[in-house]
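Novice: Below is one structure. I have some questions about it.
Read the figures in this text as sums done on the coordinates, not as results from a lab. None of the values given here were measured: they were computed from a predicted structure. Cβ: placed from backbone, ideal geometry, glycine included. Neighbour counts: every protein chain shown.
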Amino acid sequence: MMDGSQGFGPNGTWRVGVDSGGTFTDVCMFNEASGEIAVWKVSSTPDDPSRGIAQGVEEGMRERAGGGDDPAAAIAYLGHGTTVATNALITHRGAKVGLLTTGGFRDLLEIGRQKRPDLYDLFAEKPRTLVPRALRFELPERMLRSGEVSVPLDEDAVREAARAMKAAGVEAVAICFLYAFVNPAHEQAARRIVAEEMPGAFLCASHEIAPEFREFERLSTATVNAYLGPIMHRYISRLTPRLEELGLPVAPHLTQSNGGVVRFEVAAETPVRAVLSGPSTGVVAAQAIGARAGFDDIITFDMGGTSSDVALMAGGETTQTNESVVHGYPIKAPMLDIHTVGAGGGSIASIDSGGLLKVGPESAGADPGPVCYGRGATEPTVTDANIVLQVLNPVEILDGRMKVHRNLAVEAIEKMAKTLGMQSMDVAQGIISVVTANMAKAIRVISVQRGHDPRNYALMAFGGAGPLHAVRLAQELGMSTVIVPRNPGILCAMGLLLTDLRADFSATRLTPLEAGNLDVIADTMARVEAEAAGWFETETIPADKRRITRRIDMRYDGQNYELSIPLPDGPVTEVTLAALKEGFAEAHKRMYGFDVPEERILCVTFRAEAMGLVQKAELPERAPGDTDASGAIIGSREVWYPETGSFTQTTLYARDRLAPGMRFAGPAIVEQMDTTTLIPPGVSASVDTIDNLILELPR
Amino acid sequence: MTAQATTHALDPITVEVIGAALSSIVEETGEALVRASYSTNIKERRDCSTALFDRQGRTLCQAEHIPIHLGSFLDFIPMLLRDHDEAELRPGDVFVGNDAYRGGGTHLPDIVLAEPIFVDGALVAWTVNLAHHSDFVDRAHAHIYQEGLRIPPIRLYRAGELQKDVQELILLNCQVPRERLSDLRAQMAANRVGVQRFQELCARHGVETVLASGEALLDYAERKMRAGIAALPDGSWRFEDVFDNLDFDTPIPFAVTVTVAGDELALDFEAPEQIRAPINMTRTALLATVYYIVKSVIDPTVLPNAGLARPITVRAPEGSIVNCKHPAAVNGRVQTCQRVADLILGALAQAVPERVSACTNSACSVAVFSGTRQSGPDAGSYWVYLETIGGGGGARPNADGLDGIHVHATNTSNLPVEALEGEYPLILERYELVDGSGGSGRHRGGMGLRRVYRATEDCMVHVDVSRNMSRSWGLLGGGPGGAGSYATSPGCAPFKNGYGTLCAGEWLEVVTPGGGGYGPAEERAAHPDEQPIAAE
């Protein structure tokens, strides 16, 4: 029986995070009483992921948490991250959607912003339109910018359209009218009529999901939400009873793209806010680990087999964005500003027609995999380069679970070297340099392009391949510190135990930042805060666990892009307005190099970020011991470094033998089941009190 | 990595790394320009471009914004260096210019700001950006003196100091000076980012390595372009078409002969003498168009730098509409550019039909509205709204043409209705694809767009649509695309050559052309989601 205890359950002692990926479902369990952390892994069940999840939780709790016959009884909190929304969007396996729009704008969904998908490629395609033309219905209705009704809504036409959609087998309906963010009356009326005619259909009106200006982006958001709605509903309706059967005593939560978690019922209505549910938890984990380790300014680097996700956090705060293009579709939703680039261990290297070395975005995937797997691949990948350089174990990887064939990788790279007229080792290192440059470009997008200098940040590396490439990437960007957490491979599941409940609320109201508008500004902010307060109640978050951060997005009157300025705590007064004005001028100067004191500043969107603080997993702390790391040495091998231009004897360390306080210097390699960490010559390493590896690069 | 960079100063990897950095820099400067700007044409429609040039003014990298803008960039630095002694350049000097004959521009609204980049006291490169300022409206177009203020490359800032008198002179000649000033500030912000990032790049890799890599990137683009050309069959192919728009009653014939010999490509244009209308193309506009379309067909991944031009020879009669000379009017040159790009596609289609699309809508349809505000807080002030409207893309050998997109030399966004109606006394009543406007075929041409505006205050209008007499051609049996046209509400005073007035309450409809089809229509497979595309 699920009650409303939302993670504040009095009886449970275990907090459980479940990350359901394509291959494995990771379960991370944390005992609130003892501080013990346990991990359980089962194979995913892609046909019905809820099976694997339930099995993982059941087995994990029984095997690792002493759960016995009633394994779920001791669970105080269950958080879950899923890629179900993302996958449905990528593979175009969403619901059959119908769309209601303002008369004259049926094709807006296809036209978008009228730009072509690629500037030069005559063969590029637009992302597929999620609603076919036959299911897009124009309705007589029109609002003006003032919110005044210019053409009243034809309710009979709505009813007729709803019947037609029902007859066509439509499962979900998106409703988007012009200016619904100013006056939602027509959308509300249409929604009511459609609900009457199509009981059980998933409905999404644009003012509910993205009450902001720019009709195409709002329309796209509502459409994607409708497209994913039935999928998420089905997913949750399968998972919920399975967890109930287990006897889960608390309401489970799902992560959103903003890194926060919400209850399943809320998540089911807003699947568009879960498209980054997977990677966001890794960022949240990195944030918590960074805070514990004393790093406030961090760039996260999650590198897997086919892609890398990067994100930036300044002052311990993750960077949020309120709009992004995800898999080709503009989405207005609070998201962590995570940037993905097609560069991973499996990325394939090739020589293009101009004779330059290119790496990715094509990936060898799991099958045939890199050349060194010996499954018939001939084009070298990033992993092959690492095998040739012997940065990766040239005999076996994955703790001995897989043999590798270095000779095959060497052959493939030699062939490439001949074409380029270079030495093979230079080419192998070159593959690393090029993939590093691609990843550096992704980091520049989230740092320099947003006005942050990466040199002031520490790089936190995780994912299977992150720690292998982190130092090279840091060097490319001039960064001087790399952090490798204790369990880089399961960081996403762990993130679920480190995240607070979170929801974002906003309202758009164009208001000049002037003393005369003090009441309007205060009222609008209060309205948004009231929504947040309602959410606190729904989630039954105790008063002392509630946190609200307020911001106003502002711009000069005449611009169309806002800068988000934090609002000082306390009541909104003239002093607050002065602080906002000053904050905006500073931010504008930082971004663009100038400010214009005589220009009018407009408040555009008022935002409240509501957090319900939960008891989070405490990373176990160990007192630092001896600096001598020789006890963790498990051998040595020759590794090729560009710094020396030759194979150099390199000490190998076992991660599980490293202990807080230990120090050692590169050239060194740290091996563990889920990753390998490269520490090139000149870089020094130490282990902090929560078992992070801290790598220091020479300035 | 610095040690490595010096030892292998010019290995292909360092070059690739620096190439990626240069493209990050131009994209970042472009983003700063858009975000800091004020006019709808920049902040929402993104009618602007950014680039980096080497010391001699050769393109190192152009952001992926608007191909025709390369035309304004090509000669800007060489012209500037002809007028100004390089030895007298100082950090913080910023040059402004727009002229088609003295500043390398292609039409006057495209105002360029260029700033030299110094490292250790030496000039190493230029950061350059261009913004299309929606101004200079309600002008005549018999020659360039009627089209707006002509600005040769002159200093707007001298060693960081604003030259107020220069700025005043420019602003006095503009109809919406507040917007111009704000957009110029945004252009300054973009250059500031460009200078800073390029200097950081030099600090990281060493200035010699960066410059040598810049040189190598030009060679690289050349090699790729040559490899691509060499893969085409040798031969010579001629294609002719006509240019038509609302400025004149008889279509103008023109033609191109494309010759492939080994790894070199030559284009010989035949075109009538320049005319007293705004459709003439400067030589740089022609070059930018040629480079764009050749790159698109040969290899879209070739870096957009000066190296790609080396294997290409362009010959066009001087004083013709495709290579005009002073004082030809040029304001609407983009229409001609679009047609020239399709002309080249038509010639290449004879050599490599599997590599090209059928004819696109061949246009950059334009609607310009202007007037004096009659109400609201800004009553009495002058407003100008320019928008360009996409049309159909040409059908491809493997797929339908894209519907309602910008093609070829331009690629600007539309203005959201919810932004448009707040900025200007206009209401947008319809914005949709035009059924039946895509040429028939195994793969149909892309559909054109229909946009219907209702004026809420009196305003002046200029519509520029093309393919009003001719049609976009299909390939290998594909049918022609639909025509471009416009209409006004009954009772509205008739427009002349696309010029007219809307009174409050009257409407204007603009229909843009569709693209040509590819292959015979009988071979078309059924498309499950498709509604009939024949005219309703």
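Novice: Sort B:Trp473, B:Trp126, B:Trp507 so the one with the fewest other Cβ atoms within 10 Å of its own Cβ comes first.
Specialist: By the 10 Å Cβ count, ascending, the order reads B:Trp507, B:Trp473, B:Trp126.
Novice: For the stretch A:501-612, what ratio Rg/Rh do Cα atoms give with a Kirkwood hydrodynamic radius?
Specialist: Ratio of gyration radius to Kirkwood radius for the stretch A:501-612: 1.01.
Novice: Related question: In nm, give the distance between the simple-model label positions of A:Glu618 and A:Lys166, each being 7 Å from the Cα along the Cα-to-Cβ direction.
Specialist: For the pair A:Glu618/A:Lys166, the computed spacing is 5.8 nm.
Novice: Need one number: nm distance between label points at A:Arg192 and A:Glu696, each 7 Å from Cα along Cα→Cβ, rounded to one decimal.
Specialist: In this crude label model, A:Arg192 to A:Glu696 measures out at 6.8 nm.
Novice: Output the relative contact order of chain B, whole-number percent, from Cα pairs under 8 angstrom with separation of 6+ residues.
Specialist: 13 percent
Novice: Could you give P(r) for the stretch B:357-536, binned at 10 Å from zero, as whole percent values over all Cα-Cα pairs?
Specialist: 11, 36, 29, 16, 7, 1
Novice: Quick one: dipole size for the stretch B:2-223, taken about the Cα centre, charges +1 on Lys/Arg Cβ and -1 on Asp/Glu Cβ, in debye to the nearest 20.
Specialist: The calculation lands at about 500 debye.
Novice: For the pair B:Val242 and B:Ala526, what calculated FRET efficiency results from E = 1/(1 + (r/R0)^6), where r is the Cβ-Cβ distance and R0 = 45 Å, to the nearest 0.05?
Specialist: Here the calculated transfer efficiency is 0.80.
Novice: For an R0 of 45 angstrom, estimate the FRET efficiency from the Cβ-Cβ distance between B:Ala159 and B:Asp138 and round to the nearest 0.05.
Specialist: E between B:Ala159 and B:Asp138, to the nearest 0.05, is 0.75.
Novice: What aspartates and glutamates sit close enough to B:Lys496 to cross-link, taking a C-alpha to C-alpha distance under 14 Å and skipping anything fewer than 8 places away on the same chain?
Specialist: Cα-Cα hits under 14 Å: B:Asp138, B:Asp247, B:Asp249, B:Asp464.
Novice: Sorted from largest to smallest, which semi-axis lengths in Å does the alpha carbon gyration tensor of chain B give for its equivalent ellipsoid, taking the root of 5 times each eigenvalue?
Specialist: 36, 31, 20
Novice: Right, next: Can you list the residues of the stretch B:467-494 with backbone N under 17 Å from a point 7 Å past the Cα of B:Glu509, pointing along Cα to Cβ?
Specialist: B:468, B:482-494
Novice: What residues from the stretch B:472-516 fall in the zone where the backbone N is under 20 Å from a label point 7 Å along the Cα-to-C-beta line of B:Val352?
Specialist: B:475-476
Novice: Nothing charged except the Cβ atoms of Lys and Arg (+1) and of Asp and Glu (-1): what's the magnitude of the dipole of chain B about its Cα centre? Round to the nearest 20 debye.
Specialist: Here the size comes out at about 400 debye.
Novice: Still on this model: Where both partners of a DSSP beta bridge lie in the stretch A:524-606, what percent of those bridges are antiparallel, to the nearest 5?
Specialist: Close to 90 percent.
Novice: Normalised by the residues of the stretch A:501-612, what does the relative contact order come to in percent, with Cα pairs under 8 Å and at least six apart?
Specialist: About 48 percent, as a whole number.
Novice: Is the shape of the stretch A:108-193 best called rounded, prolate or oblate, per the rule: a/c under 1.5 gives rounded, else a/b larger than b/c gives prolate, else oblate, with a ≥ b ≥ c the square roots of the Cα gyration tensor eigenvalues?
Specialist: oblate
Novice: A further question on this structure: Once Lys and Arg get +1 and Asp and Glu get -1 on their Cβ, which of B:Asn41, A:Gly81, B:Pro304 lies farthest toward the positive end of the dipole of the protein assembly as shown?
Specialist: B:Pro304
Novice: Using alpha carbon centroids, what distance separates the stretch A:110-153 and the stretch B:219-277, in Å?
Specialist: Taking the Cα centre of the stretch B:219-277 as reference, the centre of the stretch A:110-153 is 36 Å away.
Novice: Just to compare against my own numbers: the Cα pair-distance distribution for chain A, 20 Å bins, whole % per bin, please.
Specialist: 17, 48, 31, 4, 0
Novice: In debye, nearest 20: dipole of the protein assembly as shown around its Cα centre with unit charges on the Cβ of K, R (+) and D, E (-)?
Specialist: I would put it at about 1100 debye.
Novice: Indicate the gyration tensor shape class of the stretch B:26-143 (rounded, prolate or oblate), computed on the Cα atoms with a ≥ b ≥ c the square roots of the eigenvalues: a/c under 1.5 is rounded; otherwise a/b larger than b/c is prolate and the rest oblate.
Specialist: Cα axes put the stretch B:26-143 in the oblate bin.
Novice: Taking every pair of alpha-carbon atoms in the stretch A:311-458, give the share separated by more than 27 Å as a whole percent.
Specialist: Tail of the P(r) past 27 Å holds 37 percent of the pairs.
Novice: Looking at the calculated P(r) for the protein assembly as shown, what percent of the C-alpha pair distances fall above 52 Å?
Specialist: That fraction is 25 percent.
Novice: Divide by every residue of chain A the summed helix terms, -39500 (n - 2.57) for each DSSP H run of at least 4, and state the resulting mean residue ellipticity at 222 nm, rounded to the nearest 500 deg cm²/dmol.
Specialist: Rounded to the nearest 500, it is -9500 deg cm²/dmol.
Novice: Taking the stretch A:90-233 as the region of interest, what is the percent of Cα-Cα pairs per 10 angstrom bin, listed from the shortest bin to the one with the maximum distance?
Specialist: All Cα pairs, binned at 10 Å, distribute as 12, 44, 32, 10, 2 percent.
Novice: What is the spin-label model distance, in nm, from A:Val39 to B:Leu123 if the labels are put 7 Å beyond Cα along the C-beta direction?
Specialist: So the two model labels end up 5.9 nm from each other.
Novice: Most exposed first by the Cβ proxy, i.e. fewest other Cβ within 10 Å, how do A:Arg191, B:Arg396, A:Arg238 rank?
Specialist: Lowest count first: A:Arg238, A:Arg191, B:Arg396.
Novice: Relative contact order of the stretch B:2-223: what whole-number percent is it, with Cα pairs under 8 angstrom and at least 6 residues apart?
Specialist: Dividing the mean separation by the residue count of the stretch B:2-223 yields 27 percent.
Novice: Would you give the gap between the C-alpha center of the stretch A:243-285 and the C-alpha center of the stretch A:655-677, rounded to a whole Å?
Specialist: Taking the Cα centre of each part, the stretch A:243-285 and the stretch A:655-677 sit 34 Å apart.
Novice: For the stretch A:191-319, count all C-alpha to C-alpha pairs, find those more than 21 Å apart, and express that count as a whole percent of the total.
Specialist: Taking all Cα-Cα pairs of the stretch A:191-319, the fraction more than 21 Å apart is 55 percent.
Novice: Considering the Cα trace of the stretch B:149-278, what is its radius of gyration and what is Dmax, both in angstroms?
Specialist: 23.3, 59
Novice: Lys/Arg Cβ at +1, Asp/Glu Cβ at -1, dipole of chain A taken about the Cα centre: which of A:Val18, A:Ile443, A:Ser206 is farthest positive-ward?
Specialist: The residue sitting farthest along the positive end of the dipole is A:Ile443.
Novice: With unit charges on the beta carbons (Lys and Arg positive, Asp and Glu negative) and the dipole taken about the Cα centre of the stretch B:357-536, which residue among B:Ile405, B:Leu508, B:Cys359 sits farthest to the positive side?
Specialist: Checked the options; the winner is B:Cys359.
Novice: Another question, then. By the gyration tensor of its Cα atoms, with a ≥ b ≥ c the square roots of the eigenvalues, what is the shape of the stretch A:584-660: rounded for a/c under 1.5, prolate for a/b over b/c, or oblate?
Specialist: oblate
Novice: Among A:Ile387, A:Ile432, which comes first, second and so on when ranked by fewest other beta-carbon atoms within 10 Å?
Specialist: Placing the least packed residue first, the sequence is A:Ile432, A:Ile387.
Novice: Still on this structure, I have one more. In square nanometres and to one decimal, what's the mean projected area of the convex hull around the Cα atoms of the stretch A:177-243?
Specialist: With the hull built on Cα positions only, its mean projection is 5.0 nm².
Novice: Based on the Cα atoms of the stretch B:2-223, what semi-axes does the equivalent ellipsoid have, where each is the square root of 5 times one gyration tensor eigenvalue, given in whole Å with the largest first?
Specialist: In descending order the semi-axes read 31, 17, 16 Å.
Novice: For A:Glu598, put the label point 7 Å out on the Cα→Cβ axis and report which residues of the stretch B:177-192 keep their amide N under 17 Å from it.
Specialist: B:177-186
Novice: How far is the Cα center of the stretch B:474-491 from the Cα center of the stretch A:551-585, in Å?
Specialist: 49 Å
Novice: How much FRET efficiency would the formula 1/(1 + (r/R0)^6) give for B:Asp263 and A:Ala124, where r is the Cβ-Cβ distance and R0 is 22 Å, rounded to 0.05?
Specialist: For B:Asp263 and A:Ala124, the calculated efficiency is 0.25.
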